[in-house]
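Structure, as structure tokens:
The values are calculated or read from the model by the stated rules, or taken from the named source; none is laboratory data. Predicted, not measured: the structure shown is a model, and the values here were computed from it. Cβ: placed from backbone, ideal geometry, glycine included. Neighbour counts: every protein chain shown. The protein model used for the area step is the full one, side chains on, heavy atoms only, and it has no ligands, DNA or RNA in it. Shrake-Rupley method; radii C 1.70, N 1.55, O 1.52, S 1.80 Å.
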Amino acid sequence: MAKDLTFTCSDCGAASAKWSGRCDACGAWNSIVEDAGLSSGPKKQGLGKHRGKSIPLTDLATQEAEPPRTQSGVTELDRVLGGGLTKGSALLVGGDPGIGKSTLLLQAAARFARNGLRVVYISGEESNAQVQMRARRLGLEKSPVRLAAETNLRDILTTLDQDTPDLCVIDSIQTMWSDTVESAPGSVSQVRSCAHELTTFAKKRGMSVVMVGHVTKEGAIAGPRVVEHMVDTVLYFEGERGHQFRILRSVKNRFGPADEIGVFEMTGKGLAEVKNPSALFLSERGEPAPGSVVFAGVEGTRPVLCEIQALVAPSPHSQPRRSVVGWDGGRLAMIMAVLESRCDVPFTGLDVYLNVAGGLRINEPAADLAVAAALVSAREDAALPREAVIFGEISLSGALRPVIQTENRLKEAQKLGFTSAIMPRAPKGTQGAGMDLREMQDLAGFVEQVFGAR
Ligand code: TYD
Ligand code: MG
């Protein structure tokens, strides 16, 4: 009998009976691929009353011991993991090619090995010699990490079964193949099946597994979203090619807070921790210039100061350019619309460029006011005071909304030598950290007070 073929969306993993140009479930275009499908278990058998064994149910109050964690000693990494690597957890690390995933994981593997874990590093992309060469370059050749260059999942699981390591790094999940699935390595069903086998094995044996995942052009981990659902923790390793900063960001973590970041610097000897990212991101700032603003941001639990730059110039085109690096383009359009309709600052006929210096990506709405300030400052050719930081969310009405962790932002700004903050009304009882707080109620008031009569 011909095998049932199904079609699967490579974005969300939804199955359908026929091919179509657009996924009905998630709306992605051109993401449906042919797929052998996951077996849904034995067919034509109902779940009768007596087929399973009964499982013990417990209550919420009885305390179960927390699974033990191991620290790597790299503070930036441990924080992102939620305080160390949890025994028996499954992690997925995504990032652009060449960003430094293999370097990061080899360094982490060596640190965990030094702290007593038995670590196995399996590379499906590079030969043992290549991994050893990188280890030498990183000064890690004496570290007790064991290596293999292999892509056959059955052989890998057999080895892990005999060897029982505490941590296994799989570089990368797209190169692995399982002989129970007929499609090629890297296809949706292979990636899903290999990730499933590895996570189940890890949970059963109390081994932690770290899988490297390639990302697609759009920046999501290649293979369906279901892989992200299978693992406990999803980390993204980001950075701009031309910059040496790298940011490890947790987008999902069952063992700690999500959205936490760790900052690293790529050096000739591998990745080095950056303990004070604000100082680093502001290090290239020169004299106060029009269009340059210091934003007091927060990533996870950690305050990060960075510079937002804008350039506004008359456009030679009938359709002016709006170009953004490090921030959301839709949000920029919204802020320009608010400036135009509530504050009478039009951008018609002007090209607008916005850049977050240092290769950082900001997702916080708290950057709204800093972006607006950069835009107006660039448009009016008027620099902002050098000693001021700016933050605040803008609503469509033009009102300024308070943001989370105000005190944390102020403290960090004070530490870096800033003396005043332009911000929304702070909640009562906010400690100003000795800063001069210039609280604003709405965007129109802000434009008038900071840039004066125009
Ligand atoms: P790699 O870890 O191979 O990236 P990925 O696994 O994400 O594809 O890192 C590749 C880049 O890192 C490469 O361009 C060289 C650079 N690099 C350094 O700058 N210093 C180093 O010590 C190492 C090992 C790599
Ligand atoms: Mg690699």
Once label points are set 7 Å from the Cα along Cα→Cβ at both SER397 and ALA279, what is their separation, rounded to one decimal in nm?
4.3 nm
Among LYS142/LYS269; LYS275/LYS428; LYS275/LYS411; LYS252/LYS275; LYS18/LYS204; LYS203/LYS275, the pairs whose Cα-Cα distance exceeds 25 Å are LYS275/LYS428; LYS18/LYS204; LYS203/LYS275
May I ask you to derive the relative contact order of the chain, considering only C-alpha pairs under 8 Å and at least 6 residues apart, and to give it as an integer percent?
12 percent
Once you measure Cβ to Cβ distances between cysteines in the chain, which Cys have no partner under 4.7 Å?
CYS168, CYS194, CYS306, CYS343
Roughly how many Å² of GLU197 are accessible to a 1.4 Å probe, to the nearest 10?
70 Å²
How far is helix 329-343 tilted off the main Cα axis of the chain, in degrees rounded to 10, range 0 to 90?
20 degrees
Cα-based Rg / Dmax (Å) for region 153-288
17.9, 62
For region 228-276, treating each Cα as an identical point scatterer without solvent, what Debye log10 I(q)/I(0) comes out at q = 0.21, 0.24, 0.31 1/Å?
-0.75, -0.86, -1.10
Cα shape, region 410-451, gyration tensor, a/c 1.5 rule
oblate
Among bridges DSSP assigns within the chain, what percent are antiparallel (round to 5)?
50 percent
Phi to ³J(HN,Hα) by Karplus 6.51 cos²θ - 1.76 cosθ + 1.60 over region 278-294, Hz, x for Gly, Pro:
4, 4, 5, 5, 9, 5, 8, 6, x, 5, x, 10, x, x, 10, 9, 9
Round to the nearest 10 and give me the degree value, 0 to 90, for the angle of helix 368-380's Cα axis relative to the longest principal axis of the chain.
40 degrees
Under 5 Å, built H, 5+ apart or other chain: amide partners of MET207
GLY88
What whole number of Å gives the distance from the Cα centroid of region 48-98 to the Cα centroid of region 209-271?
18 Å
Using a 1.4 angstrom probe on the protein heavy atoms only, line up ARG146, ARG134 by accessible area, largest first.
ARG146, ARG134
Give me the extension gain from ALA289 to ASN408: residue separation times 0.36 nm, minus the current Cα-Cα distance, reported in nm with one decimal.
40.2 nm
Along the Cα→Cβ direction, 7 angstrom out, place labels at ARG118 and THR216. What is the inter-label distance in nm?
3.9 nm
Positive-end extreme of charge dipole, the chain - chosen from ASN128, ALA258, ILE156 (charges on Cβ):
ILE156
Run the dipole for the chain about the Cα centre, Lys and Arg Cβ at +1, Asp and Glu Cβ at -1, nothing else charged, and hand back the magnitude in debye, nearest 20.
1100 debye
One can check that the equivalent ellipsoid of region 193-245, built from the alpha-carbon gyration tensor with semi-axes equal to the square roots of five times its eigenvalues, has lengths in Å, largest first, of 26, 14, 8
What are the ³J(HN,Hα) values, in whole Hz, obtained from phi via the Karplus relation 6.51 cos²θ - 1.76 cosθ + 1.60 with θ = phi - 60°, for each residue of region 186-194 in sequence order, with x given for Gly and Pro?
x, 6, 3, 6, 5, 4, 5, 5, 5
Cα-based convex hull, the chain, per residue volume (Å³, whole number):
208 Å³
Isotropic mean projected area of the C-alpha convex hull, region 219-338 (nm²):
11.3 nm²
In terms of the alpha carbon gyration tensor, root eigenvalues a ≥ b ≥ c, rounded if a/c is under 1.5 and otherwise prolate when a/b exceeds b/c or oblate, region 106-168 is oblate
In whole Hz and in residue order, list the ³J(HN,Hα) couplings for region 128-141 that follow from phi through the Karplus curve 6.51 cos²θ - 1.76 cosθ + 1.60, θ = phi - 60°; x for Gly and Pro.
3, 4, 5, 5, 5, 5, 5, 4, 5, 4, 8, x, 10, 5
Compute the distribution of all C-alpha to C-alpha distances in region 322-454, in bins of 10 Å from 0, and list the percent of pairs in each, rounded to whole numbers.
12, 44, 36, 7, 0
Taking the chain as the reference, fit the longest principal axis to its C-alpha atoms, fit the long axis of helix 406-415 to the helix C-alpha atoms, and give the angle between the two in degrees, 0 to 90, nearest 10.
70 degrees
